[in-house]
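Nothing in this text is a laboratory measurement; each read-out follows from the coordinates by a stated rule. Note that the structure is a prediction, hence the values are computed from the model and not measured. Positions of Cβ are generated from backbone atoms using ideal geometry, with glycine treated the same way; all protein chains shown enter the neighbour counts.
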Amino acid sequence: MDKSLLNAIKGAKIHIKVGENVREYIKPGLSLHDIAFFIENDIKNNILFDSNNPLDKGIGFPTGLSINNLAAHYTPNKNEKEIILKETDILKIDYGVHYQGVIIDSAFTISFNPKYNEFIEFSKKLTNYAVSLCGVDVVLGDIGKDIEEYVKSKNIEIDGKLNEINIMRDLSGHNIKPYYIHAGKAVPNINIYYPIRMQENEFYAIEPFITTGLGKSIYKEPNSHYMLNDKYDKYELNLLENEKIFLEYIKKTYSTLPFCQRWLFEIIDPTIYCINDILKSLSKKKILNEYPPIYDIEGSIISQFEHTIYIKENGIINLTKNKYY
C-alpha cells in the first residue's frame with residue numbers, strides 16, 4: 001500500500017474517534033473555547049503527539065467552530081470574549097488530523113434544535129452525493145455543475161417559513177498534499193468552467209456549504225487563521241529580530257500547516273513577545289497569509305459536511321466515512 005494512503009488511514013481513524021468523542025461531550029452552555037480545547041487535546045492524546053517532533057503527527061489545522069451564518073475559518077482567539085453555544089444555534093465543526101503531513105480534513109454540522117433537522121440532513125446528503133461523483137479522470141468543473149443542479153430550486157421549511165437553499169459560491173473543496181491543506185486544485189460547488197481532472201493517488205476534501213442566505217462570502221475580523229506564505233523567503237530580508245525568531249519558530253513547529261493565534265499564546269511568553277503585533281506585521285510583510293472568518297448575511301444559517309477521499313485506479317476510498325455521516 002502507498003505510504004501516504006497508509007498514513008491517511010491512520011489519521012482518519014483518529015479523526016473518526018475524535019468525532020465520536022466530541023458528539024458525547026458537546027452540549028449547549030459550553031463555550032467555543034471549551035469545545036476547541038477538547039477537540040485539539042483529544043487529537044493530541046489519541047495520535048500520541050510529541051511536542052519535540054511536532055511535524056511528525058498532530059493537529060492538521062485550527063479547529064473551525066462556525067455558528068449560524070458563519071461558514072468557515074473561525075476559531076476562538078486568546079483574550080477574546082467567550083461565545084457560548086446555545087440550543088438555538090447551528091454549529092459547523094471542522095477539524096483536521098495529520099499523520100506525517102498527510103492531512104485528514106472532515107467536518108459536520110450539529111444542532112440541538114430539531115427545527116434544523118431537515119436542513120442538516122439535506123446538507124449531509126449533498127456531500128455524500130458530491131463524493132459519489134468523484135473518481136479518476138473526472139472533470140472537477142463537472143462536479144460543481146452537478147452539485148449546483150442538486151441544490152437548485154431546493155426549499156426547506158424552518159419555523160413555518162419556506163427557505164430557498166443556496167450554495168456558498170466562493171467556497172470549494174480542494175486537493176490535499178503532505179503539509180499543504182490546499183494543494184492547487186479546487187473542487188467547485190457551482191457550475192463554472194474548470195476543465196481540470198482528478199488523478200489517481202490524489203487526496204481531496206469534498207465540502208459543499210448550503211445556506212439560507214445569498215451564498216456570497218463576507219469577510220470579517222478578527223482573524224485567527226494563519227499559514228506560512230510559500231514565497232516567504234522573498235520577503236524575510238525586511239524582518240526585525242523578534243520577527244525572525246517568530247518565523248523560525250513557525251517553520252519549526254508548523255511548517256506550511258495552518259495555525260492560529262491561540263496556539264502561540266500556549267507556547268510563547270506574551271510578556272516577552274507581543275504576539276498579536278508580530279502576527280500583524282508578518283502578515284503585512286507577506287511572510288504569513290491570513291484567512292479571516294467567512295460569513296453569509298445576518299439571519300441566515302449555513303450547514304457543512306465534509307469528507308476526505310482518496311482517488312484510486314477503479315474508484316475512491318472515502319477515508320472519513322463514519323456512522324454519523
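Annotation for the range 247-264: no member residue is under 22 Å from the mean Cα position of the chain (by Cα), charged (D, E, K, R) and under 30 Å from ASN166 (Cα atoms).
On the stretch given as the range 4-20, residues that are without any contact (Cβ under 8 Å) to a residue 24 or more places away in the chain and surrounded by fewer than 16 Cβ atoms within 10 Å (Cβ to Cβ) total 1. Of the residues making up the range 122-148, those that are closer than 17 Å to THR211 by Cβ, surrounded by fewer than 16 Cβ atoms within 10 Å (Cβ to Cβ) and over 20 Å from the mean Cα position of the chain (by Cα) number 0.
A quick yes/no check of all residues on (1) surrounded by fewer than 19 Cβ atoms within 10 Å (Cβ to Cβ); (2) over 24 Å from SER217 (Cα atoms):
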site: PRO28; (1), (2): yes, yes
site: LEU32; (1), (2): no, no
site: PHE37; (1), (2): yes, yes
site: ILE47; (1), (2): no, yes
site: PRO54; (1), (2): yes, yes
site: ILE59; (1), (2): no, yes
site: THR63; (1), (2): no, no
site: ALA71; (1), (2): no, no
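For the structure I just gave you, tell me whether ILE83 is in contact with a strand residue (DSSP E or B) (Cβ under 9 Å, 6 or more places away or on another chain), within 30 Å of ASP277 (Cβ to Cβ) and crowded, with 22+ Cβ neighbours inside 10 Å. Outline the logic, then answer.
Values: in contact with a strand residue (DSSP E or B) (Cβ under 9 Å, 6 or more places away or on another chain): yes; within 30 Å of ASP277 (Cβ to Cβ): yes; crowded, with 22+ Cβ neighbours inside 10 Å: no.
So ILE83 fails the test.
Of all residues in the range 87-109, none satisfies being touching a strand residue (DSSP E or B) at 6+ places or on another chain (Cβ under 7 Å), over 22 Å from ALA205 (Cβ atoms) and in a strand (DSSP E or B).
The single condition from (1) in contact (Cβ under 8 Å) with a residue 40 or more places away in the chain; (2) more than 27 Å from GLY60 (Cα to Cα) that GLU157 fails is (1).
Determine, yes or no, whether THR63 is hydroxyl-bearing (Ser, Thr, Tyr) and part of a strand (DSSP E or B). Yes; evaluated as a whole, the condition is true for this residue.
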